[in-house]
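Take a look at the structure below.
The values are calculated or read from the model by the stated rules, or taken from the named source; none is laboratory data. As the structure is a prediction and not an experimental result, all values here were calculated from the model. Methodologically, a virtual Cβ is constructed for each residue, glycine included, from the backbone with ideal geometry; neighbour enumeration extends over all protein chains shown. The protein model used for the area step is the full one, side chains on, heavy atoms only, and it has no ligands, DNA or RNA in it. Shrake-Rupley method; radii C 1.70, N 1.55, O 1.52, S 1.80 Å.
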Amino acid sequence: MIEIIAAGPLLTVQDAGRPDARRYGVPPGGAMDTFALVAANRLVGNLPGAAVLEATAGGVVLHFSRATLVALTGANLGATLDGRPLAAWTAVRAAAGARLHLPGRRERWGARAYLAVAGGIAVPPILGSRSTSLSGGFGGLDGRCLRAGDRLPLGTPTYAATLAFGQHWPAQGRPPYQPCPILRLIPGPHLAWFAPERIAALAATTLRVGTTSNRMGYRLDGLALPYRRPCSLPSLGVIPGVIQVPPDGAPILLMADAQTTGGYPVVGVVIGADLPLAAQLLPGDELRFTFTTLDEALAARHAQAEALAQPLDRDEGDLLSSLAGA
Amino acid sequence: MQTLCWNIHPLGEAALLAEVVTDDHGAANQAALGAAAALTASAPPGLRATVPAIASLLVCFDPLVIAHRAVEAQMRAALAHAEGTPTTGRRVEIPVTYGGEDGPDLTAAAQRLGLTPGELVALHCAGPYRVLMLGFAPGFPYIGPLPPAMHLPRRATPRSAVPPGTVAIAAGLTGIYPARLPGGWHLLGRTTLRLFDPAAAPPALLAPGDLVQFVAVSAR
């Protein structure tokens with residue numbers, strides 16, 4: 001059992017989402033940073049899509065009621081375990097009664113940290129997923145963000161968890177997390193709606209994530225993309241990564257909780273391999289875009305799949321210190 | 001006879017979007033629904049999801065398992081084969097209490113259309129109309145196309161909250177809000193049926209292709 005002592009601005013249960021429920025109009029949802037999700041789960045011996053906690057920006061304090069193996073990935077939110085710095089991207093033992101604290105961002109990038117616990121968060125699956133659907137009000141714990149006093153059940157650790165202790169995810173095997181990331185775009189189907197110089201400006205302007213942004217999408221400030229003439233589009237299917245432009249000209253980057261359909265022209269789509277970088281942006285953060293090709297997107301996707309399947313090393317130093325200090 | 005010309009364009013590296021420019025949304029939607037059903041049934045390796053919409057078809061896939069060219073070829077074949085093939089769907093009756101608190105826009109909408117409220121209700125209940133797609137929110141059906149006599153643009157100012165079960169029209173379509181949601185359509189009435197229940201199988205009351213017959217009932 002994990003007890004939430006403090007939840008910060010947005011703490012939710014997330015897993016790989018419900019892509020199959022798209023046909024019912026249900027947003028795919030799931031972890032924003034899917035790389036950090038899979039890495040955290042692998043570190044503690046879970047299946048890649050097991051349910052984890054997604055902490056946003058910090059302000060989180062958790063209490064473990066029993067000893068367990070945990071791994072924290074994604075953003076550096078200054079994690080401590082019982083007051084001592086917690087080794088990130090590493091399978092670490094949390095003793096019964098231990099307190100995990102995620103105060104807030106410690107680097108110039110980073111929005112979301114992922115905590116995997118051996119056995120996974122064992123809330124009941126709904127439509128094939130334990131993810132919290134905030135707009136639908138289902139999944140996770142009662143379909144809502146977590147708050148102080150909530151208690152989360154844990155699943156039974158796999159056999160792999162008994163061997164996972166001390167496993168470490170090497171820094172060179174992670175996405176290139178950084179301030180002002182350059183996200184690669186495949187040109188969208190509706191470029192003809194916009195003047196060519198505006199499209200060129202999209203790839204030459206530093207944009208900022210707007211204050212009204214959330215898990216559904218980011219409003220991007222810093223560039224207006226007006227339609228060449230007033231038009232309307234019948235609603236069409238959209239996916240996370242799509243940049244759609246409403247009539248006010250302010251682009252919106254769709255993220256994990258985006259609706260399954262949209263009625264605005266699509267100017268570009270962020271490639272899958274760069275979505276984890278987008279997931280680590282908070283309102284006020286800067287980003288840039290660059291257009292790329294399908295071939296480059298496929299190569300990047302392949303490389304990321306290989307990185308996620310890489311054999312893991314045991315960090316002996318951490319292992320020894322954990323043994324000594326546990 | 002094939003008359004629709006589909007443009008197929010990548011939506012990122014893991015999805016393809018087929019769109020058709022036509023005023024005949026009925027024919028385009030019929031092909032999109034048929035193609036989505038055929039692709040789902042044949043389930044080629046790597047296919048992840050099909051999302052038919054009013055005049056488009058989105059197909060999501062794993063590009064490390066199946067190549068773009070192969071997906072595009074299957075989409076073209078499925079769309080061509082589905083064109084002109086009648087859509088199959090269940091016939092579903094939706095009881096609606098029109099007007100009053102349940103349909104606060106009925107009178108104003110009728111007036112803008114040059115109809116009496118009774119005439120608008122009769123038109124809305126004439127049908128049946130087809131579920132063209134689900135989207136916007138879990139279980140939200142886009143139903144139509146409605147005859148031109150019921151065409152109204154969206155309201156200038158959307159409402160921040162529309163009650164669940166509310167039946168509305170806009171832009172040549174009618175829809176039913178499955179949950180309390182913001183909405184810019186004209187609210188004609190309300191049904192007590194539950195449009196979306198995540199614990200039910202299937203979770204959505206309506207599926208694309210279903211024929212919806214609205215039936216006026218007196219207030220509870």
> Residues of B:58-66, mean number of Cβ from any other protein chain within 10 Å of their own Cβ, rounded to a whole number?
Replying inline: 3
> On average, how much area does the Cα convex hull of chain B cover when viewed from any direction, in nm²?
Replying inline: 13.0 nm²
>> How large is the convex hull of the C-alpha atoms of segment A:249-299 per residue, in Å³?
In response: 116 Å³
>> If each residue of separation counts as 0.36 nm, what is the full-extension length gain between A:Thr156 and A:Thr212 once their alpha-carbon separation is subtracted?
In response: 16.3 nm
> To the nearest 0.05, how large is the calculated FRET efficiency for B:Ala126 and B:Ala161 if R₀ is 35 Å and r is the Cβ-Cβ distance?
Replying inline: 0.75
>> Using the basic label-point model (7 angstrom from Cα toward the beta carbon), what is the B:Ala200 to A:Arg84 distance in nanometres?
In response: 5.4 nm
> Where the eigenvalues come from the Cα gyration tensor of chain A, what are the semi-axes √(5λ) of the equivalent ellipsoid, largest first, in whole Å?
Replying inline: 36, 20, 17
> Over the C-alpha atoms of segment A:84-134, what are the Rg and the largest Cα-to-Cα span, Dmax, in Å?
Replying inline: 14.1, 39
> What FRET efficiency do you get for B:Arg154 and A:Gln172 if R0 is 56 Å and r is their Cβ-Cβ distance, rounded to the nearest 0.05?
Replying inline: 0.65
> Once whole DSSP H runs in chain A are found, which of them have Cα atoms spread over 15 Å or more along the helix axis and a mean Kyte-Doolittle score of at least -0.5?
Replying inline: A:294-308
> Reported to two decimal places, what Rg/Rh ratio describes segment B:101-180 when computed on Cα atoms with Rh from the Kirkwood expression?
Replying inline: 0.93
>> Of the candidates A:Pro311, A:Pro251, A:Pro226, which one comes out as most mobile in a Gaussian network treatment of chain A with C-alpha springs shorter than 10 Å?
In response: A:Pro311
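From other protein chains only, count the Cβ atoms within 10 Å of every residue's Cβ in A:185-194, then give the mean.
Counting other chains' Cβ atoms within 10 Å and averaging over A:185-194 gives 3.
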>> Show me the three semi-axes of the equivalent ellipsoid for segment A:1-153, from the C-alpha gyration tensor (sqrt of 5 times each eigenvalue), largest first, rounded to whole Å.
In response: 23, 15, 15
> Which percentage, to the nearest 5, of the DSSP beta bridges contained in chain A is antiparallel?
Replying inline: 95 percent
> What translational D, rounded to a whole number of µm²/s, comes out for the protein assembly as shown from Stokes-Einstein when the hydrodynamic radius is the Kirkwood one over Cα pairs, at 10 °C and 1.306 mPa s?
Replying inline: 65 µm²/s
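Once the cut-off is 14 Å, how many percent of the Cα-Cα pairs in segment B:6-82 end up in the long-distance tail?
Numbers: 1553 of 2926 pairs.
Taking all Cα-Cα pairs of segment B:6-82, the fraction more than 14 Å apart is 53 percent.
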> Arranged from highest to lowest average of other beta-carbon atoms within 10 Å per residue, in what order do the peptides B:6-15, A:82-91 appear?
Replying inline: B:6-15, A:82-91
> Sorted by accessible area (1.4 Å probe), largest first, how do B:Thr40, A:Thr261 line up?
Replying inline: B:Thr40, A:Thr261
> In Å², rounded to the nearest 100, what is the total accessible surface buried by chains A and B against each other with a 1.4 Å probe?
Replying inline: 2800 Å²
> Is there a simple number for the mean count of other chain Cβ atoms within 10 Å of the Cβ of residues in B:3-16, and what is it?
Replying inline: 6
>> Can you report the principal axis dimensions of segment A:182-306 using only the alpha carbons, biggest first, rounded to whole angstrom?
In response: 45, 31, 29
> Calculated from DSSP H runs of 4 or more alone, at -39500 (n - 2.57) each and per residue, what is the 222 nm mean residue ellipticity of chain A, nearest 500?
Replying inline: -4500 deg cm²/dmol
> Once the Cβ-Cβ distance between A:Arg144 and B:Thr3 is put in as r, and R0 is 45 Å, what FRET efficiency do you end up with, to the nearest 0.05?
Replying inline: 0.35
> Each label point is 7 Å from the Cα along the Cα-to-Cβ direction; what then is the distance between the points at A:Glu107 and B:Ile66, in nm?
Replying inline: 3.8 nm
